[in-house]
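Novice: This is the structure, below, for whatever I ask next.
The values are calculated or read from the model by the stated rules, or taken from the named source; none is laboratory data. Computed from a prediction, not measured in an experiment: that's the story for all the values here. Backbone-built Cβ (ideal geometry, glycine too); neighbour counts: all protein chains shown.
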Amino acid sequence: MNMHEVNSETRPVMNTEFFPRYSSQTTNSSLSSQNHRLPKLTLPTFSGDILEWQYFWESFENTIHSNHTLTDVQKFTYLQSLLDADAMNVINGLNLSSANYHKAVELLVNRFGKSHKIVNAYMKALLDLPAPSYTQLDSIRNFSDKSEVYIRGLESLGQCQDTYGSLLIPVMLGKLPISVKK
């Protein structure tokens, strides 16, 4: 996953909606008097891998989509710059306009953001994990790490291990070397 940098200095440091006693003027002046500089924020790119959608969309939504200081055309420009391959193909042909930004978001969410599609992709990824080599500890560790990532992804979508665990455990155990199962 590639990353793009966004200059965080152009965004409010504190959401004054939740902290009404701090105005943006107070926040900005107190920060400049302390001479703090925030590092550049790096946003992920999205290639169309449905397993990366949640991370991409949450990052984009929180930094760009919900940023009321940006116009929709600016948001659309950011969105286009963060899309690669299959994801870019979904919105190709849309002219750079405010209305088309909303259309692009709708197209992307309909293609990649459907919970049932993401759940299916996580389950397929778990079932398709290659069996680890019994001679290489790194292979077993990698198998375990990837399994955990996919399971956390399912949990983030509200899928409880109680609903799929009894089916998945024998499949995953069947992939482990006999020496590990003992």
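Novice: Any idea how many residues of region 129-163 are assigned to a helix (DSSP H, G or I) and either under 26 Å from residue 89 (Cβ atoms) or not aromatic (Phe, Trp, Tyr) (or both)?
Specialist: 22
Novice: Restricting to region 98-123, name every residue that is small (Gly, Ala, Ser) and without any contact (Cβ under 8 Å) to a residue 60 or more places away in the chain.
Specialist: 98, 99, 104, 115
Novice: Also: When you go through (1) crowded, with 16+ Cβ neighbours inside 10 Å; (2) assigned by TED's automatic domain parsing to the domain that holds residue 177 one by one for residue 67, which number turns out not to apply?
Specialist: (2)
Novice: Then there is this: From the set of residues in region 153-169 that are hydroxyl-bearing (Ser, Thr, Tyr) and surrounded by fewer than 13 Cβ atoms within 10 Å (Cβ to Cβ), which is farthest from the chain's Cα centre (by Cα)?
Specialist: For region 153-169, the residue satisfying everything is 166.
Novice: Being polar (S, T, N, Q) and in contact with a Pro (Cβ under 6 Å, 6 or more places away or on another chain) narrows it down to one residue among 139, 115, 133; which is it?
Specialist: Every option except 139 fails the conditions.
Novice: Out of (1) assigned to a helix (DSSP H, G or I); (2) free of Cβ contacts under 8 Å to residues at least 40 places away in the same chain, what's the single condition that is false for residue 126?
Specialist: Going through the list (1) assigned to a helix (DSSP H, G or I); (2) free of Cβ contacts under 8 Å to residues at least 40 places away in the same chain, residue 126 breaks only (2).
Novice: Do the conditions hold for residue 75, that is, is it assigned to a helix (DSSP H, G or I), at pLDDT 95 or above and surrounded by fewer than 16 Cβ atoms within 10 Å (Cβ to Cβ)?
Specialist: Spelling it out, it is not the case that residue 75 is assigned to a helix (DSSP H, G or I), at pLDDT 95 or above and surrounded by fewer than 16 Cβ atoms within 10 Å (Cβ to Cβ).
Novice: Would you pick out the residues in region 74-120 that are under 15 Å from residue 57 (Cβ atoms) and among the basic types (Lys, Arg)?
Specialist: Across region 74-120, the qualifying residues are 75, 111, 114, 117.
Novice: Let me ask something else about it. So, of the residues in region 71-87 that are within 14 Å of residue 47 (Cα to Cα) and in contact (Cβ under 8 Å) with a residue 40 or more places away in the chain, which turns out to be nearest to the chain's Cα centre (by Cα)?
Specialist: Of everything passing the filter in region 71-87, 82 is nearest to the chain's Cα centre (by Cα).
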